[in-house]
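Take a look at the structure set out below.
The values are calculated or read from the model by the stated rules, or taken from the named source; none is laboratory data. In this text, all values refer to a predicted model and were calculated from it rather than measured experimentally. So basically every Cβ, Gly included, is an ideal-geometry build from the backbone, and we count neighbours across all protein chains shown.
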Amino acid sequence: MDPIPGGREPRQQPLLDVRNLSVAFHDGETWGEVLTDVSFAIEPGEFVGIVGESGCGKSLTALSILGLLPPRGVRLGGAMLFDGRDLAKLSERARREVRGRRISMVFQEPMSALDPVFTVGTQLLETVRTHFKVGRREALERAVEALAAVGIASPRQAAAMYPSSLSGGMRQRAMIAMALVCEPRLLIADEPTTALDVTIQAQIMDLLIELGQRTGTAILFITHNLALVAESCRRMLTMYAGQIVEDGPVREILARPRHPYTAGLLGSIPQSSRRKSVLPSIPGRVPSLHEMPPGCRFAPRCAHVEPPCLVPQQLVSGRDWRKVRCRRAGELALPGAQS
Amino acid sequence: MSTETSVAKEAVAKGPTAAARHSLWRVIRRDPRAVVSLGYLALLLAVSLFAAQIAPYSPIEQNVAELLMPPSPAHWLGTDDLGRDVLSRLIWGAPNSLYASALAVSVAIAIGVPVGVVIGFLGGWLDEVVSRFIDALLSFPPIVLAIAVTGALGIGLTNAMLSVGIVFAPVLARIVRAQTLVVRQALYVDAARAFGASTPQIVVRHILPNAIQPVIVQVTLMLAIALLAEASLSFLALGVQPPAASWGGMLARAYNYIEIAPAQMYTPGLAILFTALAFNALGESLRVALDPTMKRR
C-alpha cells in the first residue's frame, strides 16, 4: 500500500501553500475578520477535504484562493503561494489566467451554475477559448472529449443540449467537465454532491477520485459530510469559526481526533447501531462575527474547557505531522468515529 | 422520441444558436395570432420595399380636377384634397412609418441597453446618479418630451424619431438594469468568473443574453408606440414633411375635411391601427413564448 501523504514530510514544493490567510469584511462601520490565520498546504495530486459546519469559512477560503471575493470592502492578509507565486499579489489579469486554467472550481448547485440560455457545448467551448487560442471547431472537439471523460454516454448529443434538459447528476458532470476542460492543477470542489441524491452523490465522488488519479489534479474537497471525506480523502482539515483547528491524515483523525470540535463532528454522525438513542450534537452554534470569543473560539461549546483555554490558540504541529489548535490536545483522549 | 433525436442531430449540425431559434420558432408557429401578425408585417415590409413598383400613381402628383373623390376604378381609395391618389400615398407612407418605428426603437436600444447593463452591473454611485436621471426623464409625458427634443434637433422625420428613441431609451435602460441586477447574482456568473472569464466577457456572454428577453417583448410594443408617435408628430407637422406621404400626415390633412369627406380618415387610420395591433400581438405572443414558466422544453 502507498504511504499516507499527510503523514510524511513533504519532499516537493507544495502546489498550494496558504500562509496565515486572513479575510476581513467591512460592514459599513467596522471590519469583521471572517478568516483568521488560515494556513495549509496541498501537494500536487493530493485529495484534501475541508470539513466544518455552515459558516465556518470553508467556501470563503475557496473564493479567496480563486480571487473571487467582492472587489470592495474586503481586506486580505497573508499569502497564498501557488507554484511559488503569491496569488494575492497577482494582477487581476494574471489571476484570470490562473482561474479555470490552473485552479478551477465546481459549485454546489449544478442547477444554477450553468447558463440556461446556452447549450452545454457552447459553454464548454467558450471556457476552452478563454484560455487557448483555438478555433470553435477544435474547442468543441475538446468540449466533447471532456464530456466523454466525465462519463456522459453520448457527449456529442449532450453538448447540443441546454442545461434545462439535463438531470442534476448530468449537470454536475457537465460542470466538472467544464472545470477540468483546461486541465487545471487544482480543483476546488465546494460541496459538489450536496444538491444531488445519494446514488448520484456516490457516482460523482467516484468520478472525482478517478479523475484526480488519472489527471494528477489536486482536489480540495469542501463538505460538511464527514462520511464522504472518510471515503475519498487522505488528508482533512477541520475548520471552525474562520480558523483551521485540525489538520492531518483522515484515517488517524477519524480514529483519534485531537480537537474537541472534530470529535464532536464525528460524534454527530448517525450510527445504525445506536438507532434508538438520541443523536449526539454539539451544543450551541458557530459564534457570529461580533460575538467571537476572545480566547479559543470553540471554548463556549467545548466540554473540556478550562480557564487557561480562554486565550487565543495556535495551530501547533505535532511530531507526526498532525496539527491541532487546542492546548489540551496532548492530554485529552477523545473518542473517534465508531465503525 | 425519434423527432427529438433528429432535432438534436440537426442542432448539432447547425450549432447551438440554431437550436434556440428552432425552439422559439416552434412555439410561434403554433400561435395563430403570431402567424397572422408576422404575415401582415411581412406584407407591409414587402409593400415598403416595392412601393415604387406597386403604387399606381405618384404619391405627390396633384390633380386639381379630381379633389376629395370617393373610391372609383381609377382611384381605389379615392383622392385627397389636392387630388392625389390615396392608395398611392398609403403605399408610400408605409416605408416612412416602418423606417420611423425602426429608427426610434434602434436608437432606444442603442442607448438604453448599454446604459442599463452598465449601471446594473457596476452599481454604486454611477447607478444612483443615472437611475435618478432616468426617473426624471420618465416623469415627462413622452410626446411632450419628443416635441421638445424635436424643437432642439430641428423638424423632420429622422429628428422626430431620434427624439422618440431618446424618450424610449430610459424605459429600456430601466428594464435592462433590473434584469442585470437579477442575472449578475446568478451562480453561472460566478462560475464563469471561476473559469477565467473577464468582466467584458461575462457581460456580453452571460449578462446580456439572460437580461435581453424582456427587452425583446418591450421592443415589439415600442414599435407600436413609435408608430403612433410618428403619426402623432406627423399629425402635428413635426414629422414627415409635405409633400412626402406619411400615415400621420394623411390623417392630419383628412381631419381638415372631416365634414366634407369623412371617409378620407379611414384608410390612414386603419393602416396605423392594424400595424400597431400587429406589433402588439407579436409582442404578446413573444412574451408568452419566451416566458420560462410557460415553456415546455
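The table for this structure:
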quantity: Residues being modelled with pLDDT under 90, in contact with a helix residue (DSSP H, G or I) (Cβ under 8 Å, 6 or more places away or on another chain) and not hydrophobic (A, V, I, L, M, F, W, C) - total across region A:101-114; calculated: 3
quantity: Condition met for A:Ile204 (over 30 Å from B:Leu24 (Cβ atoms), crowded, with 21+ Cβ neighbours inside 10 Å and touching a helix residue (DSSP H, G or I) at 6+ places or on another chain (Cβ under 6 Å)); calculated: yes
quantity: Filter result (part of a helix (DSSP H, G or I), at pLDDT below 90 and of a type in the set (Val, Ile, Thr)) within region B:79-136; calculated: B:Val86
quantity: Set A:Ala174, A:Ala195: member being farther than 22 Å from A:Glu246 by Cβ and in contact with an Asp or Glu (Cβ under 9 Å, 6 or more places away or on another chain); calculated: A:Ala195
quantity: Number of positions in region B:156-175 that are closer than 20 Å to B:Ala102 by Cβ and over 17 Å from the mean Cα position of the chain (by Cα); calculated: 1
quantity: Residues of region A:142-168 satisfying the condition of being small (Gly, Ala, Ser) and buried (at least 21 other Cβ atoms within 10 Å of the Cβ); calculated: A:Ala143, A:Ala146, A:Ala158, A:Ala159, A:Ala160
quantity: Criterion (in contact with a Pro (Cβ under 8 Å, 6 or more places away or on another chain) and either closer than 20 Å to A:Val250 by Cα or surrounded by 14 or more Cβ atoms within 10 Å (Cβ to Cβ) (or both)) met by exactly one of A:Ala79, A:Ala41; calculated: A:Ala41
quantity: Enumeration of residues in region B:171-194 that are more than 10 Å from every other protein chain (Cβ to nearest Cβ) and basic (Lys, Arg); calculated: B:Arg174, B:Arg177, B:Arg184
quantity: Residue within region B:97-108 that is under 26 Å from B:Ala261 (Cα atoms) and surrounded by 17 or more Cβ atoms within 10 Å (Cβ to Cβ) present; calculated: yes
quantity: Members of region A:128-141 that are within 19 Å of A:Ser104 (Cα to Cα) and crowded, with 19+ Cβ neighbours inside 10 Å; calculated: A:Val128, A:Thr130, A:His131, A:Ala139
quantity: Residue match in region A:82-100 (condition: within 9 Å of chain B (Cβ to nearest Cβ), buried (at least 16 other Cβ atoms within 10 Å of the Cβ) and part of a strand (DSSP E or B)); calculated: yes
quantity: Selection within region A:220-238 - within 11 Å of the chain's Cα centre (by Cα) and of a type in the set (Ser, Thr, Tyr); calculated: A:Thr223, A:Thr238
quantity: Segments classed as helices (runs of 4 or more DSSP H), wholly inside region A:116-188, with at least 1 members that are over 29 Å from A:Gly49 (Cα atoms) and within 11 Å of chain B (Cβ to nearest Cβ); calculated: A:120-131, A:136-149, A:155-159
quantity: Residue among B:Ala252, B:Ala244 that alone is assigned to a loop (DSSP other than H, G, I, E, B) and not polar (S, T, N, Q); calculated: B:Ala244
quantity: Within region B:51-70, tally of residues that are of a type in the set (Val, Ile, Thr) and assigned to a loop (DSSP other than H, G, I, E, B); calculated: 2
quantity: Number of the exception - A:Ser59 against (1) under 19 Å from the mean Cα position of the chain (by Cα); (2) under 21 Å from A:Asp27 (Cβ atoms); (3) without any contact (Cβ under 8 Å) to a residue 60 or more places away in the chain; calculated: (3)
quantity: Residue list for region B:1-50, filter: at pLDDT below 55, outside any helix (DSSP H, G or I) and more than 12 Å from chain A (Cβ to nearest Cβ); calculated: B:Met1
quantity: Residue within region B:195-216 that is in a helix (DSSP H, G or I), more than 9 Å from every other protein chain (Cβ to nearest Cβ), within 15 Å of the chain's Cα centre (by Cα) and of a type outside the set (Val, Ile, Thr) present; calculated: yes
quantity: Among the residues listed as B:Trp76, B:Trp92, the single one being closer than 26 Å to B:Ala278 by Cα and without any contact (Cβ under 8 Å) to a residue 24 or more places away in the chain; calculated: B:Trp76
quantity: Of residues in region A:103-115 being surrounded by fewer than 24 Cβ atoms within 10 Å (Cβ to Cβ) and of a type in the set (S, T, N, Q), the one farthest from the other protein chains (Cβ to nearest Cβ); calculated: A:Gln108
quantity: Candidates B:Ala160, B:Ala152, filtered to the one that is surrounded by fewer than 20 Cβ atoms within 10 Å (Cβ to Cβ) and either within 17 Å of B:Gly123 (Cβ to Cβ) or more than 12 Å from chain A (Cβ to nearest Cβ) (or both); calculated: B:Ala152
quantity: Residue check for B:Pro73: part of a loop (DSSP other than H, G, I, E, B) and in contact with a Lys or Arg (Cβ under 6 Å, 6 or more places away or on another chain); calculated: no
quantity: Residue match in region B:221-229 (condition: within 30 Å of B:Ala102 (Cβ to Cβ), touching a residue at least 40 places away in the same chain (Cβ under 8 Å) and within 10 Å of chain A (Cβ to nearest Cβ)); calculated: no
